[in-house]
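Chemist: One structure, as structure tokens, below. Some questions next.
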Amino acid sequence: MKTLVIALTFLLVAPAFADAPVIVHLKNHRFTPATIKVKANEPAMLILFNDDDSADEFDSSSLKIEKVVPGHDKGNIRLRALAPGKYPFMGEYHAATAQGMVIAQ
């Protein structure tokens, strides 16, 4: 019974994600896809695969997210429910080439 209560509590407080996670790759210090579309006003999940040898940091001041992902590893990035608009992001360690945009619509 206690396990059931814990499971139900998790379902009530955990954010429900609109669709399947969006898969993003970082290779040669570039994001693919560089433009990520999500549903406005609904939380979303990105799974970032860093295919480079070195770590990089998914960084966005407008999304209020900083997430370091080691080389040849992956990281989950949870997006809060976003108002319609454009939200730039970058790979902080290679900002000249690692640029992208989340579009909430």
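The values are calculated or read from the model by the stated rules, or taken from the named source; none is laboratory data. This one's a predicted model, so the numbers in the text were calculated from it and none came from an experiment. Note that each Cβ is placed from the backbone with ideal geometry, even for glycine, and that neighbours are counted across all protein chains shown. Surface areas here come from the heavy atoms of the whole protein model, side chains and all, with no ligands, DNA or RNA. Shrake-Rupley method; radii C 1.70, N 1.55, O 1.52, S 1.80 Å.
Chemist: Find the accessible area per residue for the stretch 12-105; the probe is 1.4 Å, ligands and nucleic acids are left out, and the unit is Å². Working shown, then result.
Modeler: Details: 5310 Å² over 94 residues.
Spelled out: the 1.4 Å probe surface of the stretch 12-105, per residue, equals 56 Å².
Chemist: Around residue 72, what is the net charge, scoring Lys/Arg as +1 and Asp/Glu as -1 over all other residues with Cβ under 15 Å from its Cβ? Before the final figure, lay out each step's value.
Modeler: Numbers: positive: 27, 74; negative: 51, 52, 53, 56, 73.
Here the charged neighbours net out to -3.
Chemist: Give or take rounding to whole Å, what are the principal axis extents of the alpha carbon atoms in the stretch 14-89, in descending order?
Modeler: Rounded to whole Å, the extents work out to 35, 22, 19 Å.
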